[in-house]
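Derivation of every value follows stated rules applied to the coordinates shown; laboratory data play no part. Computed from a prediction, not measured in an experiment: that's the story for all the values here. All Cβ positions, even for glycine, are placed from backbone atoms using ideal geometry, and neighbour counts span all protein chains on display.
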Amino acid sequence: MAAAVAAPATTNARSSKTESYVDNKRRDDIRQANILAARAVADAVRTSLGPKGMDKMISSATGEVIITNDGATILNKMEVLQPAAKMLVDLSRSQDAAAGDGTTTVVVLAGSLLRRSLTLLSAGIHPTVISDSLYKLSVHAVDVLHSMAIPVELSDRDSLVKSAATSLNSKVVSQYSSLLAPLAVDAVLSVVDPEHPDLVDLRDIKIVKKLGGTVDDTELIRGLVFDKKVSHAAGGPTRVESAKIAVIQFQISPPKTDIEQSIIVSDYTQMDRILREERNYILGMVKKIKATGCNVLLIQKSILRDAVTDLSLHYLAKAKILVVKDVERDEIEFITKTLNCLPIANIEHFRVEKLGHADLVEEILIGDGSKVVKITGIKDMGRTTTVLVRGSNQLMIDEAERSLHDALCVVRCLVNKKYLIAGGGAPEIEMSRQLAAWAKELIGMESYCIKEFAEALEVIPYTLAENAGLNPISIVTELRNRHAQGETNAGINVRKGQITNILEENVVQPLLVSTSAVTLAIECVRMILKIDDIVTVR
Ligand code: ADP
Ligand code: MG
């Protein structure tokens, strides 16, 4: 085999000896530089893996500080310039899109596979052979994962909660997992459409963040929440029962012309006329609105002119209409879906059939004197839900939101693909064991490569143990033994610091997270291996 590989090299060398030598060296150097840069990125997040992983504090040039444990967030915020290293950042982002969780795992796996690739390259194996072996490995690895999977029903709420809790375990907000995990499950299940039981659109779950209280005060709200006050300059209502709600995209204020202009008024009668016109204009609008029975107005934010003026608020208050202004443009879709109503773009189109109905709209005081507007008891409510996240400081709230996103994604994965798998390093060690056994049946270079990569998968249990302060070598060795004896669900119990049946510890994760981590990591490594030159274009 070695002779066969060496043969083309000698013919090459004969034709142009020095050139080929220099050329190959350059390619090797570039490949090596790429691998080293990518591995540096993987090493940066390695310590964050697992329930006992460390958190990172990211401070940006603008002075913004973030504390997080989420691989995708850490890498996203890092300013990586080397193109191969950027691929690892993208890798974590793709895992985030595909599965939502396992963003650290995928990068750590890729780092370990790259490290082994370097060993194989330096042993003189051609990158194409390595890359092809990796492809075969990924197909086989997914099969192994499938064979370990446990089917789960959506009615089995307990299992869903357990897997959401596993993803929250490793977060800064892990102490609140008993609250957030069931909340995530309820939120996702409430937006599943019976007509498409496999699909969840996370845009149907809105997370509203409000400073104050603790994460414990986070709640799920069947309805809408606005993180703002009611606009009631002139003593308008702040609570409306059996509300008829209009979402409007026009303003209740005097119109402005497109061009900058000024009118000079020279006498009082003319001024009176202008004011009267303005009053009539606004009064006309308010009357039209009132005529439909509407008693709650949600007004879209406008940059052209004020959504309401003091005068219009005065008339609206007289008509007992509750006003919430400055609703963001991109929230309109969610709001109309929830309220089951239509947005109204012009006063001429203000009709009763476009209104939404709810039992109660009220401004409530929460925590430290701040107010939110809540709409509850919505009639024919669309399949959406709102989560009001609370926290004592902005860092905590932001991290709670990111962690909740992971938990929501985990439940979404289970809705997409209804299989669970054990966590705690069990799937990785089982893959490693079965792939190593398979490698023995193969011949040639492939066998050698696959054996090497099978070992690379052990990085996950190794790192989990390392981050938990255990002795990684003895833990991984014991884990390997237990799996060899047929205990496929033996994993690292980080709380007890020993190997136990990890299913009994309730550490489970969606199959989709593991399969997508393995396939995406392998895809990325193959791509990096195939690059042999960097061409910069300006
Ligand atoms: P990621 O960003 O990749 O999701 P995490 O920091 O969430 O990274 O760690 C996930 C890993 O931690 C998974 O391999 C999972 O099996 C493992 N894990 C989570 N909770 C536990 C636990 N209680 N005991 C052991 N392993 C756990
Ligand atoms: Mg996780």
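Against the chain, whose longest principal axis is taken from its Cα atoms, helix 103-122 shows a tilt of about 30°. Taking packing as the residue-averaged number of other Cβ atoms within 10 angstrom, the listed peptides 69-81, 327-339, 505-517, 176-188 run from highest to lowest as 505-517, 176-188, 69-81, 327-339.
Provide the net charge surrounding L420, with neighbours chosen by a C-beta distance below 12 Å and charges set as Lys +1, Arg +1, Asp -1, Glu -1. Don't skip to the answer; put the middle values down first.
Details: positive: K162, K417, K418; negative: E153, D156, D158.
With Lys, Arg at +1 and Asp, Glu at -1, the net is 0.
Each of G284, N467, V296 was placed along the dipole of the chain (beta-carbon charges, centred on the mean Cα), and the one lying farthest toward the positive end is G284. A simple rule links phi to the HN-Hα coupling: the Karplus curve 6.51 cos²θ - 1.76 cosθ + 1.60 with θ = phi - 60°, which for the stretch 152-166 gives 9, 9, 5, 6, 7, 4, 4, 5, 5, 4, 4, 6, 5, 5, 4 Hz, with x for Gly and Pro. With respect to the chain, whose longest principal axis is taken over its alpha-carbon atoms, helix 83-98 is tilted by about 60°. Placing dummy labels 7 Å off each Cα toward the beta-carbon, the span from D29 to E523 is 3.3 nm.
For K451, the aspartates and glutamates whose Cα comes closer than 13 Å to its Cα, not counting residues fewer than 8 places off in the same chain, are E441.
Electrostatic tally near L118: other residues with Cβ closer than 12 Å to its Cβ, Lys and Arg +1, Asp and Glu -1, net +2. About its Cα centre, the chain has a charge dipole of approximately 580 debye under the convention of +1 per Lys or Arg Cβ and -1 per Asp or Glu Cβ, with nothing else charged.
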